[in-house]
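Asks: Take this structure first; my questions come after.
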Amino acid sequence: MTNAQVTLIQIDNYGPWTVTPEPRREVDLQTLQSRLYADLSQLVGNREGYVFFTRFDNMVAVTNGLDAADHALIQESVGNRYPVTVSLSIAVDSSPAAALGTATGHLQDAGSAQDGDRREILRGDPLDDAARTDGDVRIAHFDVNDATGKYTDQLNEFDSFINIEQGYAELMRYMRNAHESLSFFVGGDNIIAVCNDVDEAGYLDAVGHVREAVGVDLKVGVGTDRTAQAAGMAAKHALETCREECTDVEFA
Ligand SMILES: Nc1nc2c(ncn2[C@@H]2O[C@H](COP(=O)(O)OP(=O)(O)OP(=O)(O)O)[C@@H](O)[C@H]2O)c(=O)[nH]1
């Protein structure tokens, strides 16, 4: 059984900050958000986790292997580097969607995202080190078949983007509803899903659903390990096997 440790990262009181004392320049907000994501990706990545940018003001991380002290250090580091602070909430569940739901609940209980007094909350219980196994994190790395030939080299960038985003929108909803899995667009034509125990038929259904709904062809490599990065790397190798064998789904 998988045991995903998910951390919700939320910028504290960000909405009011973006308009105080008057609306801040959009380019500065975009720069702050992308730099914060880059720093978090490295801070969590150095400890074998993954961070997904989702809406930038809220980000989702898979943090198996990071304990409470690691989270506190990351929080402190952000507070020292940025004009904003972040709250972190951790939860563990065999269902990634349930883990994120629990983590979100802890933070909502502590106050609103736009509450000026709710800052640098750190809540939740990381997975006990003794309980960790090589089966804790399952990552499915989805990739569009021949995105270059079908979209990038054929269409203008915006129409390519619409096709990729429509594939993403269908997949994220399907994986969320059918498999309690969390899927994130990570650039290019790539989507990384944090999954629970989905079998081959489940992935084939997801790929078939997206093909039928919006005409986007996907393949997927699946990896399982103790940490997000190890599982993610195994998933990438499985994706290479899909390319070699011309298959839709491969497990590492
Ligand atoms: N984030 C991320 N992006 C990638 C990765 N591999 C490729 N990309 C991006 O995806 C784009 C398309 O690359 P590919 O998926 O290799 O190309 P393709 O034309 O779809 O070919 P096939 O996948 O072999 O069918 C690249 O331009 C990159 O932007 C990856 O592992 N991670």
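Asks: Please go through the stretch 72-171 and write out the GluC sites (Glu not before Pro) that DSSP classes as loop and that have at most 16 other C-beta atoms within 10 Å. Let's see the in-between values first.
Replies: Values: sites: Glu76, Glu120, Glu157, Glu165, Glu170; in loops: Glu120.
Those that pass, being in a loop and sparsely packed, are Glu120.
Asks: Okay, next question. Using a ≥ b ≥ c from the Cα gyration tensor of the chain (square roots of the eigenvalues), is it rounded, prolate or oblate, where a/c under 1.5 gives rounded and otherwise the larger of a/b and b/c decides, a/b for prolate?
Replies: Because a/c hits 1.5 or more and a/b fails to exceed b/c, the chain counts as oblate.
Asks: Given H placed 1.01 Å from N in the peptide plane, which residues other than close sequence neighbours of Thr85 have an amide H under 5 Å from its amide H?
Replies: So Thr85 has HN proximity to Asp12.
Asks: Scattering from the C-alpha atoms of the stretch 4-131 alone, worked out with Debye: what is log10 I(q)/I(0) at q = 0.16 1/Å?
Replies: The calculated log intensity ratios at q = 0.16 Å⁻¹ are -0.74.
Asks: Next question. Helix 96-110 against the longest principal axis of the chain: what's the angle in degrees, Cα atoms only, rounded to the nearest 10?
Replies: 10
Asks: A follow-up question, please. Using Cα springs under 10 Å in a Gaussian network model of the chain, which residue among Gly221, Gly167, Gly187 shows the largest mean-square fluctuation?
Replies: Gly187
Asks: Roughly how tilted is helix 68-81, in degrees to the nearest 10 and between 0 and 90, from the longest Cα axis of the chain?
Replies: Taking the Cα atoms of the chain, the angle to 68-81 is about 70 degrees.
Asks: Of Asn190, Asn64, Asn156, which is the most mobile in a GNM of the chain whose springs link Cα atoms less than 10 angstrom apart?
Replies: Of Asn190, Asn64, Asn156, the most mobile in the Gaussian network model is Asn156.
Only the coordinates and a few stated rules stand behind these numbers; no lab work does. Every value quoted in this text rests on a predicted model; they were computed, and no experiment measured them. Backbone-built Cβ (ideal geometry, glycine too); neighbour counts: all protein chains shown.
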